[in-house]
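Accompanying notes for the structure given below.
Here, each number is a calculation from the coordinates, and none is a lab measurement. Every value quoted in this text rests on a predicted model; they were computed, and no experiment measured them. Every residue, glycine as well, gets a Cβ built from its backbone with ideal geometry; the counts of neighbours run over all protein chains shown.
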Amino acid sequence: MTHLELAEALFDAFADGDADTVRSLCAADVTARQNKSPPMDLDTLIEFALAIHGAVADFRYSDAICTPTASGFVEEHRVRGTLPDGTDLDLAACVVADVRDGKVIDLREYVDGSAAAGLLKAMT
């Protein structure tokens, strides 16, 4: 699987709330960070992703631009859906990933914190 195929499969799994596929595409010792927050392990990453998926109706990614790198990929996309209060979620994100032995070993996601305020409120 190429780095681009891995990225597509990973974000499809996140969009579908498919924890088993996320787990199969990531190394057991993957670390994930959002906006340089403390790192999450694989179980925490999956719990976080499922919490977002559960809080946002019609959760999806759009406008993806993915670029392979020597060590993984960089993907820019929009996170979209409907928040519980009926407002639209439209959040720009950039994800930098490192891949080792065909699995994601490190994910660094950067989002606009002010644009994510509605999402954070929905998750609490």
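If you go through region 41-63 and keep only what is under 19 Å from D112 (Cα atoms), free of Cβ contacts under 8 Å to residues at least 60 places away in the same chain and in contact with a helix residue (DSSP H, G or I) (Cβ under 7 Å, 6 or more places away or on another chain), you end up with A49, F59, R60, Y61. Name every residue in region 81-111 that is more than 22 Å from K36 (Cα to Cα) and either surrounded by fewer than 17 Cβ atoms within 10 Å (Cβ to Cβ) or of a type in the set (D, E, K, R) (or both), in order of residue number. Correct list: T82, L83, P84, D85, G86, T87, D88, D101, G102.
Across region 9-61, the qualifying residues are those that are in a helix (DSSP H, G or I) and of a type in the set (V, I, T), and the one among them that is surrounded by the most Cβ atoms within 10 Å (Cβ to Cβ) is V22. Against the test of being assigned to a strand (DSSP E or B), farther than 19 Å from A15 by Cβ and acidic (D, E), the options D85, D98 yield a single qualifying residue, D98.
A single member of R80, R33 is over 18 Å from V104 (Cβ atoms) and either free of Cβ contacts under 8 Å to residues at least 12 places away in the same chain or in contact with a strand residue (DSSP E or B) (Cβ under 8 Å, 6 or more places away or on another chain) (or both), and it is R80.
Residues in region 65-77 that are touching a residue at least 24 places away in the same chain (Cβ under 8 Å) and in a loop (DSSP other than H, G, I, E, B): 1 in all.
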